[in-house]
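For reference, the structure discussed in these notes is given below.
The values are calculated or read from the model by the stated rules, or taken from the named source; none is laboratory data. Model, not experiment: these values are computed from the prediction. All Cβ positions, glycine included, derive from the backbone under ideal geometry; neighbour counts span all protein chains shown. The area values use the complete protein model at the heavy-atom level, side chains included, leaving out ligands, DNA and RNA. Shrake-Rupley method; radii C 1.70, N 1.55, O 1.52, S 1.80 Å.
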Amino acid sequence: MGWNSWNKFGCNVSEDMIKSMADALVKSGMKDAGYQYVNIDDCWQVSRDASGNIVADPQRFPHGMKAVGDYIHSLGLKFGVYSDAGSKTCAGRPGGLGHEYQDAIQYAAWGVDYLKYDWCNTTTQEAKASYANIRAALDASGRGIVLSTCEWGTAKPWLWGQQVGGNLWRTTGDIQDRWGGQMKWPDGSCCSNGVLAILDQQVGLASYAGPGHWNDPDMLEVGNGGMTDVEYRSHFSLWALLAAPLIAGNDLRDMRPDIQDILTNRDVIAVDQDSLGREGERVWKDGDAEVWAKPLKDGSRAAILLNRGSAEREITANWQDLGYPDHLSAAVRDLWQHKDLGKFTGKFSAPVAPHGVVMVTVRP
Ligand code: GLA
């Protein structure tokens, strides 16, 4: 769990902004809720020096990257940076190709804890080999560094991500701050994904995730303004059910209380972080109504009743679809109302708002 600069700020990153975001992560209660990483995405780097060392933007990061890392660490948080397996990053900054070991030593010297490694400008490179290479370089640096691979799902990284030492792997193209499906980018290339488009691309991937190696359906858009609070609650709930990395992507310095409540909902976060480490799956679908379920460590289930449609709808989670017998009596807790709803036998039903979820745990 953490925060990343890309979804809200794009290339507009700086030392001051990152430090103030780290402060806000603490002040907002997000650190206490479990968010740890402060990750600088693309555009912190501008060139390489005569020896090939990567150079941070001297205007935007006047005290250098180690100072940023030291500040983040002084707050008890962890420090993440971004690079790319190819010759250039997606925003055209110098990539890591041919400098993997040199960069890994530099990252370790800066105190980097997390590396997101993108896939732009990789021409004929093979994804699995390229990510194995950066993993070996990170390991050789002697510092434990989380590797977040960002290959967008093209080469099915869920099949080899764990084997090459990836800790999380993007399963799709980029998320955009909207509810619906896929849309072409302004330049005509394909495609950005709304929440539902990403969700649908997770079907069938659950068995590849587990502790230390996760499917990554991309970072959160909660609080960025393109969706309603109902939709943001659904987005956050679904990502938690998917055991996804919860990487916030909004401006934490001026969050509305409603957005803060979403990002720090401890009942929902507990589902995401459950130590069994199982990713949830879609267990039932009828048109716009779906039920998603995730087994938890204590034998209970988290379940989401999801209404993708534009009219309120009653949705039922049948115990059989959760892997329980019909006759079982189980305690249901609503994770957004923070309320125990009592015992139910065989099924649980609730009206669900358009684009909304009802998220519960079912505990025998
Ligand atoms: C790609 C990634 C994004 C982001 C940008 C940065 O599009 O998928 O998450 O890192 O590059 O340029």
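Are any residues in region 182-215 part of a loop (DSSP other than H, G, I, E, B) and in contact (Cβ under 8 Å) with a residue 40 or more places away in the chain, and if so, which ones?
Q201, Q202, V203, L205, A209, P211, G212 - these are the residues of region 182-215 that are part of a loop (DSSP other than H, G, I, E, B) and in contact (Cβ under 8 Å) with a residue 40 or more places away in the chain.
Test R253 against the stated conditions and say whether it is surrounded by fewer than 14 Cβ atoms within 10 Å (Cβ to Cβ) and in contact with a helix residue (DSSP H, G or I) (Cβ under 9 Å, 6 or more places away or on another chain). Can you show your working first?
Details: surrounded by fewer than 14 Cβ atoms within 10 Å (Cβ to Cβ): yes; in contact with a helix residue (DSSP H, G or I) (Cβ under 9 Å, 6 or more places away or on another chain): yes.
Against the criterion (surrounded by fewer than 14 Cβ atoms within 10 Å (Cβ to Cβ) and in contact with a helix residue (DSSP H, G or I) (Cβ under 9 Å, 6 or more places away or on another chain)), R253 qualifies.
Go through the residues of region 200-215 one by one and say whether even a single one is small (G, A, S), surrounded by fewer than 22 Cβ atoms within 10 Å (Cβ to Cβ), within 16 Å of the ligand (Cβ to nearest atom) and modelled with pLDDT of 95 or more.
Step one: filter region 200-215 for residues small (G, A, S), giving 204, 206-207, 209-210, 212.
Checking the rest, the ones that are also surrounded by fewer than 22 Cβ atoms within 10 Å (Cβ to Cβ) come to 204, 206-207, 210, 212.
Filter once more, so that each one left must be within 16 Å of the ligand (Cβ to nearest atom): none.
Within region 200-215, not a single residue is small (G, A, S), surrounded by fewer than 22 Cβ atoms within 10 Å (Cβ to Cβ), within 16 Å of the ligand (Cβ to nearest atom) and modelled with pLDDT of 95 or more.
Quick one: G225 ticks every box in (1) away from the ligand (no atom under 15 Å from the Cβ); (2) within 30 Å of T123 (Cβ to Cβ) except a single one, so which number is it?
The single condition G225 does not satisfy is (2).
Looking at region 88-106 only, could you name the residues that are within 25 Å of the chain's Cα centre (by Cα) and of a type in the set (S, T, N, Q)?
Of everything in region 88-106, just one residue is within 25 Å of the chain's Cα centre (by Cα) and of a type in the set (S, T, N, Q), namely T89.
Test of understanding: among W319, W239, W284, which residue is open to solvent by less than 10 Å² (accessible area, probe 1.4 Å), over 21 Å from the mean Cα position of the chain (by Cα) and among the aromatic types (F, W, Y)? Spell out the reasoning first.
Details: W239 fails: over 21 Å from the mean Cα position of the chain (by Cα); W284 fails: open to solvent by less than 10 Å² (accessible area, probe 1.4 Å).
Matching residue, one of W319, W239, W284: W319.
Filter region 105-121 down to the residues that are β-branched (V, I, T) and in contact (Cβ under 8 Å) with a residue 40 or more places away in the chain and list them by number. First the steps, then the outcome.
So in region 105-121, the residues β-branched (V, I, T) come out as 105, 112.
Within region 105-121, just V112 meets the criteria.
Restricting attention to region 146-181, which residues are within 15 Å of the ligand (Cβ to nearest atom), assigned to a loop (DSSP other than H, G, I, E, B) and under 26 Å from Y232 (Cβ atoms)?
Once the filter is applied, which keeps residues that are within 15 Å of the ligand (Cβ to nearest atom), assigned to a loop (DSSP other than H, G, I, E, B) and under 26 Å from Y232 (Cβ atoms), region 146-181 yields C150, W152, G153, T171, T172, G173, D174, Q176, D177.
Select, from S349, S310, S300, the only residue that is hydroxyl-bearing (S, T, Y), open to solvent by less than 10 Å² (accessible area, probe 1.4 Å) and over 25 Å from S28 (Cβ atoms).
S300
Have a look at A24, A50, A33 and point out the one that is free of Cβ contacts under 8 Å to residues at least 24 places away in the same chain and away from the ligand (no atom under 14 Å from the Cβ).
Working: A24 fails: free of Cβ contacts under 8 Å to residues at least 24 places away in the same chain; A33 fails: free of Cβ contacts under 8 Å to residues at least 24 places away in the same chain.
Only one candidate passes the filter, namely A50.
Which one is modelled with the lowest pLDDT among residues in region 216-265 that are assigned to a helix (DSSP H, G or I) and among the charged types (D, E, K, R)?
D254
Among the candidates H327, H355, H338, which residue alone is surrounded by 15 or more Cβ atoms within 10 Å (Cβ to Cβ) and not hydrophobic (A, V, I, L, M, F, W, C)?
The conditions single out H355.
Which strands (runs of 3 or more DSSP E) does region 12-70 wholly contain that include 2 or more residues that are of a type outside the set (A, V, I, L, M) and open to solvent by 10 Å² or more (accessible area, probe 1.4 Å)?
45-48
Looking at Q45, Q59, can you tell me which residue is under 23 Å from G96 (Cα atoms), over 16 Å from the mean Cα position of the chain (by Cα) and away from the ligand (no atom under 16 Å from the Cβ)? First the steps, then the outcome.
Values: Q45 fails: away from the ligand (no atom under 16 Å from the Cβ).
Result of the check over Q45, Q59: Q59.
Consider region 85-95. How many of its residues are touching a residue at least 40 places away in the same chain (Cβ under 8 Å) and surrounded by 19 or more Cβ atoms within 10 Å (Cβ to Cβ)?
Here the count works out to 5.
Select from region 163-196 the residues that are among the basic types (K, R) and open to solvent by 10 Å² or more (accessible area, probe 1.4 Å) and write down the one among them that is modelled with the lowest pLDDT. Steps first, answer last, please.
Narrowing region 163-196 to residues among the basic types (K, R): 170, 178, 184.
Filter once more, keeping what is open to solvent by 10 Å² or more (accessible area, probe 1.4 Å): 178, 184.
Values: R178: 97, K184: 92.
Going through the qualifying residues, I end up with K184.
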